[in-house]
Amino acid sequence: MNQPMNQQLTLALSKGRIFEETLPLLEAAGIMVTENPETSRKLILPTNDKDVRVIIVRASDVPTYVQYGAADFGVAGKDVLIEHGGEGLYQPIDLRIAKCRMSVAVSAGFDYASAVRQGARLRVATKYVQTAREHFAAKGVHVDLIKLYGSMELAPLVGLSDAIVDLVSTGSTLKANNLVEVEHIMDISSRLVVNRAALKLKRERLQPILEAFERASKRKE
Ligand code: PRT
Ligand code: MG
């Protein structure tokens, strides 16, 4: 078959830490993004390779763009991928970037251990409903989950919930809000996700990039 194949590649990234930490991996593959999403209002960014472009989307929307093939590949946190479910996505590489952990936290004065021991029903506010549900079910803790889209740290402070499930990296956000981490649910890092059809149809173009990403991420401990 010598039908010309469209080998244009679209990479979906979110602004902020994922974009910043993906840049060195792209450079390892010889790809330089030529505009800065923090200063440019453009949502489609060119690179030094005319066949590769980067689209800027919300972190939690990355799997959706890749699933439907609007992007061929993308970078998303494990937290986001669990909530999405991973349908239509191939997840070949843990990039070991944007690392943090998912934890349960409560107000400093709340005795979480004894509430759990007594079999109390807990109100838990989180953006990560899927992960939280599985975590508490596995522990046999009864919870009412309250879905939030951000600033989970506020919920226990104003009586919306007894606990939160959120991401923690330095711990300074919890500390600043007088919250304490009471359970570590899982370690989080970002993964490369690839559209399953693109992996077959654009393999020639994708493969060297995936290999460069893999080599560069392995160099991180
Ligand atoms: O911010 P936005 O609502 O647009 O989306 P987002 O929060 O999903 O995106 P972004 O860019 O903030 O995060 C993208 C990915 O980075 C997440 O999906 C995680 O996989 C990963 N990551 C790594 C983090 C953190 N570290 C992190 N610390 N995501 C969020 N945080 C937040 C956390 O939710 C908490 O509010 O930072 C705060 C805690 O930080 P410390 O350092 O004070 O503990
Ligand atoms: Mg954020």
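Every number in this text was worked out from the coordinates using simple rules, so none of it is lab data. Not measured: the values here are computed from a predicted model. Quick reminder, even Gly has a Cβ in these numbers, built from the backbone with ideal geometry, and neighbours come from all protein chains shown.
Observations, loosely collected:
- Among the residues of the stretch 105-119, those identified as surrounded by 14 or more Cβ atoms within 10 Å (Cβ to Cβ) and either among the aliphatic types (A, V, I, L, M) or assigned to a loop (DSSP other than H, G, I, E, B) (or both) are 105, 106, 110, 115, 116.
- Residue in the stretch 33-41 that is in a helix (DSSP H, G or I), acidic (Asp, Glu), within 16 Å of ligand 2 (Cβ to nearest atom) and under 22 Å from the mean Cα position of the chain (by Cα) present: no
- Residue, nearest to residue 8 (Cα to Cα), within the stretch 54-82, restricted to residues that are charged (D, E, K, R) and in contact with a strand residue (DSSP E or B) (Cβ under 6 Å, 6 or more places away or on another chain): 72
- Just one of the numbered conditions (1) β-branched (Val, Ile, Thr); (2) within 16 Å of ligand 2 (Cβ to nearest atom); (3) touching a residue at least 24 places away in the same chain (Cβ under 8 Å); (4) more than 21 Å from residue 12 (Cβ to Cβ) is not true of residue 188: (4).
- The set of residues in the stretch 60-86 being surrounded by fewer than 20 Cβ atoms within 10 Å (Cβ to Cβ), aliphatic (A, V, I, L, M) and either within 16 Å of ligand 2 (Cβ to nearest atom) or not in a loop (DSSP other than H, G, I, E, B) (or both) consists of 81, 82.
- Residues that are of a type in the set (D, E, K, R) and either touching an Asp or Glu at 6+ places or on another chain (Cβ under 9 Å) or not in a helix (DSSP H, G or I) (or both), drawn from the stretch 146-177: 147, 153, 162, 166
- Residue in the stretch 3-23 that is more than 16 Å from ligand 1 (Cβ to nearest atom), in contact (Cβ under 8 Å) with a residue 60 or more places away in the chain and assigned to a helix (DSSP H, G or I) present: no
- Candidates 215, 196, 203 - the one that is more than 23 Å from residue 104 (Cβ to Cβ) and in contact with a strand residue (DSSP E or B) (Cβ under 7 Å, 6 or more places away or on another chain): 196
- Consider the stretch 43-92 and keep the residues that are charged (D, E, K, R) and touching a residue at least 60 places away in the same chain (Cβ under 8 Å). The one that is nearest to residue 131 (Cα to Cα) is 79.
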